[in-house]
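Visitor: My questions all concern the structure below.
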Amino acid sequence: METALKSHCDEQHPHQAEDISRKHEQNSKLSEGIKKDIEKLYEAVPQLVNVFKIKEKIGEGTFSSVYLATAKLQTGCEEKMALKHLIPTSHPLRIAAELQCLTVAGGQDNVMGVKYCFRKNDHVVIVMPYLEHESFLDILNTLSFEEVREYMFNLFKALRRIHHFGIVHRDVKPSNFLYNRRLKEYALVDFGLAQGTPDTKIELLKTAQSEDQQGSCSQSNPNTALGNGVSVGVTAPKQIAQQSASKASDKRSSSLSKIQIKQGRGGKEEYVHHSVQRSVFGERNFNVYSSTYQENSNTKLVKQSKVIDVSSRKLVTKKIISTRTVSNGVGRKAASGCPSNLTCDCYATDRVCSVCLSRCQQVAPRAGTPGFRAPEVLTKCPTQTTAIDMWSAGIVFLSLLSGRYPFYKASDDLTALAQIMTVRGSRETIQAAKTFGKSILCTQVVPAQNLRALCEKLRGTNSSCSRSQPDVPIKSVNDSALPVEIDKQCAPETLGKEIQYLKGCQEGDGAFEIKATDMKGWDQVPDEAYDLLDKLLDLNPATRITAKEALQHPFFKGISL
C-alpha cells in the first residue's frame, strides 16, 4: 500500500512548510508522560533506535499504543510511519493472526498493509504506512452528501476485500477507518479483534478463534430492566422449551430497576466537545473490547412481585452483587453434576445455589465497540459471520446521515438492544432473533422508525426529492406468535428512557437548521440512500446485505470500482 504522505524531499507549499514547523514546535512540548512512554518503547525494543525517530503518541487503546515516527530512507529522505506497540500481555497467536491479516489482505482496496515488524522478548512493534487523517467528529457536519457517498463506497471496498479472505473485523467504526479528506485516501486498520469465518484463508485465525471460544463464558439467561417501563430479556434456545410450558401461568409484572452505568477501565475513547451535535442516546462513547466488561459492571436487581413457576425463576436479590460471582468457575465446576430439572433454592437470598451454578452457560464472542455491535452479538449468538461488520458499517452510515455520533451509547448489551428497538422496532427485533435461535422478551411494543424522517429531523434538513415512505407496518398487539409481554402498569405511550432521548432530539432538542446555501447536497438525498441503510441495519444477519452487494447498490451508481 502506498504511504499517505509524500517524502519530505518533495517540494512543499509555503503554507505547508509553516504547518510542519508548527508541528515540530508542538512535538518539542510533549508531555512528560508521553516522553516517558517513548523512552520505555526504545528500551523495550532497542532495534527501533537506529531506524526510527519517534515523534509523538497518536493513539492508545486497550491492547496497543500507536506512535508517529519518521524513518530515514536510503535516498536520505524521511518517510512517516505508524508504529503500533502491542501490550506485552497480548497472546502470541493473536499477534501472529493480526500480522497475517495485514500481510495477506492488506496493502490494497483501502486495507492497511504492513511494512516491518520488530520483536524483543514479549514486546512487538508493527510498522505500517502513516495516513494523515481527520477526526470523524471534526468533519461530520462539514461533509457534503457526495463525500459521504464516497466514504461509504470506499468502506465497502475495504470490507469486501477482507471478507473475501474470510476475515471478520469485529470492530468497524470511524476511528478504525482512516480518512484523508484532502487526498481522498482511506485505510481500514486494527485487526487485533479479527476472527475468521469457517472457510477463512487466514490459517492463524482458525486457531485463535478456537482458543477464544474456550476462554469466553457468559451468563445463560440475562434479564435486565431498563427503566421507565421497558424491560428486555434474552433466552437461550434450550430454555425456550422449558419456559413455553409455563407461559400461560407465568404472567408476571416485574418491578423495574435502573442500570448503573459504569465506564470500563480499558479501551475507552475520549471525546472532547465539538460543534457536532450530541449523540442520540448519550454523550460519551464506551469503547470496551474485553468480554469482562459486563462482568465488572454491578447491576441492582429487584425481587419480582409475582412468580408462579419456580422452574423459570431467575436469580434476583435486593443486594448489589457482581455477576462475576454468578460465573465463578470453581463453583460451577463443583456443581456440574446437578440435574437440569432441579429448582433453585437461592431465590431472594444473598447467595447462588449449586443448581444455578450448574446451568448451561452460553459461549459466544462479543468483542467490539459498544454502539456498533450487531443484534446477534448482543444476544450472544454463537454463529457470527461477516454480517456483523455490515451492521457496524450501517451504524457509521446512520451517523453520517443523521449528523450524530456516536448514535448509540449503552452501558450493557441489553440496554444496547433496547436502543436498537427504538429505531428498528421491538417486534421486528424479536422476530429476527427467533431466526438465529434467541427469544427476546420486551415489556412494551415499540414501533419502527422511518429512517428518512428520523435522520432528517436529527440533522435538521428536509430533502426536497424525498418520496413519501410508509412507516414499517406493525403487527397487532394480540399476535400470540411473538413472545411479547405488555406491562399493564405502564401507559401505552411510555416507551422508556431510550425513546425519551430519541423524541427529545426529534422535537428539536439540540437539533439545528442548515441554511439553504450550506446544504451541500443534503436537500437532495435520494431514496436509495435510505434503502441501503435499511438493508445494512437488517436485523436478520442471514438476509443482511453483503459488502459485494452494497457496492452494486443503486446508491453508488456512477462510482466506478
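Visitor: When both residues are 6+ apart or on different chains and their Cβ atoms are under 9 Å apart, which pairs have a first residue that lies in the range 27-56 and is of a type in the set (Gly, Ala, Ser), and a second that is open to solvent by 60 Å² or more (accessible area, probe 1.4 Å)?
Guide: ALA44/LYS120; ALA44/ASN121; ALA44/ASP122
Visitor: Starting from the range 352-377, keep only residues that are in contact (Cβ under 8 Å) with a residue 40 or more places away in the chain, then list their pairs with residues that are crowded, with 23+ Cβ neighbours inside 10 Å and part of a strand (DSSP E or B) whose Cβ atoms are within a distance under 7 Å, requiring at least 6 positions of separation or different chains.
Guide: PRO365/GLN195
Visitor: Against the conditions (1) open to solvent by less than 70 Å² (accessible area, probe 1.4 Å); (2) modelled with pLDDT under 90, where does ALA44 fall short? Just the number, please.
Guide: (2)
Visitor: Tell me which residues, restricted to the range 353-374, are under 20 Å from the mean Cα position of the chain (by Cα), modelled with pLDDT of 75 or more and hydrophobic (A, V, I, L, M, F, W, C).
Guide: At the first step, the residues of the range 353-374 found to be under 20 Å from the mean Cα position of the chain (by Cα) are 363-374.
Of the ones still in play, those that are also modelled with pLDDT of 75 or more are 364-374.
Within the range 353-374, ALA364, ALA367, PHE372, ALA374 meet the criteria.
Visitor: Would you check if LEU99 is open to solvent by 10 Å² or more (accessible area, probe 1.4 Å), in a helix (DSSP H, G or I), of a type in the set (A, V, I, L, M, F, W, C) and at pLDDT below 95?
Guide: Values: open to solvent by 10 Å² or more (accessible area, probe 1.4 Å): yes; in a helix (DSSP H, G or I): yes; of a type in the set (A, V, I, L, M, F, W, C): yes; at pLDDT below 95: no.
So LEU99 does not fit the description; no.
Visitor: Still on this model: Given the structure, is GLY437 on the phi > 0 side of the Ramachandran plot, modelled with pLDDT of 95 or more and of a type outside the set (Lys, Arg)?
Guide: Numbers: on the phi > 0 side of the Ramachandran plot: yes; modelled with pLDDT of 95 or more: no; of a type outside the set (Lys, Arg): yes.
Judged against the criteria, GLY437 is not a match.
Visitor: Out of all the residues in the range 74-87, is one or more out of contact with any Pro (no Cβ under 8 Å at 6 or more places or on another chain), buried (at least 22 other Cβ atoms within 10 Å of the Cβ) and among the acidic types (Asp, Glu)?
Guide: So far as the range 74-87 goes, no, none of its residues is out of contact with any Pro (no Cβ under 8 Å at 6 or more places or on another chain), buried (at least 22 other Cβ atoms within 10 Å of the Cβ) and among the acidic types (Asp, Glu).
Visitor: Go through the residues of the range 170-193 one by one and say whether even a single one is at pLDDT below 95, surrounded by fewer than 21 Cβ atoms within 10 Å (Cβ to Cβ) and not charged (D, E, K, R).
Guide: Looking through the range 170-193, at least one residue is at pLDDT below 95, surrounded by fewer than 21 Cβ atoms within 10 Å (Cβ to Cβ) and not charged (D, E, K, R).
Visitor: Run ILE34 past the list (1) crowded, with 16+ Cβ neighbours inside 10 Å; (2) modelled with pLDDT of 95 or more; (3) assigned to a helix (DSSP H, G or I) and report the number of the one that doesn't hold.
Guide: (2)
Visitor: Now, a different point. I'd like the full set of residues that are surrounded by fewer than 17 Cβ atoms within 10 Å (Cβ to Cβ), assigned to a loop (DSSP other than H, G, I, E, B) and of a type in the set (Ser, Thr, Tyr), limited to the range 111-149.
Guide: Scanning the range 111-149 gives SER135, THR142, SER144.
Visitor: If a residue must be in contact with a helix residue (DSSP H, G or I) (Cβ under 7 Å, 6 or more places away or on another chain) and surrounded by fewer than 20 Cβ atoms within 10 Å (Cβ to Cβ), how many such residues does the range 355-365 contain?
Guide: 2
The values are calculated or read from the model by the stated rules, or taken from the named source; none is laboratory data. This one's a predicted model, so the numbers in the text were calculated from it and none came from an experiment. Backbone-built Cβ (ideal geometry, glycine too); neighbour counts: all protein chains shown. Remember, those area values only see protein heavy atoms, side chains included, never the ligands or the DNA or RNA. Shrake-Rupley method; radii C 1.70, N 1.55, O 1.52, S 1.80 Å.
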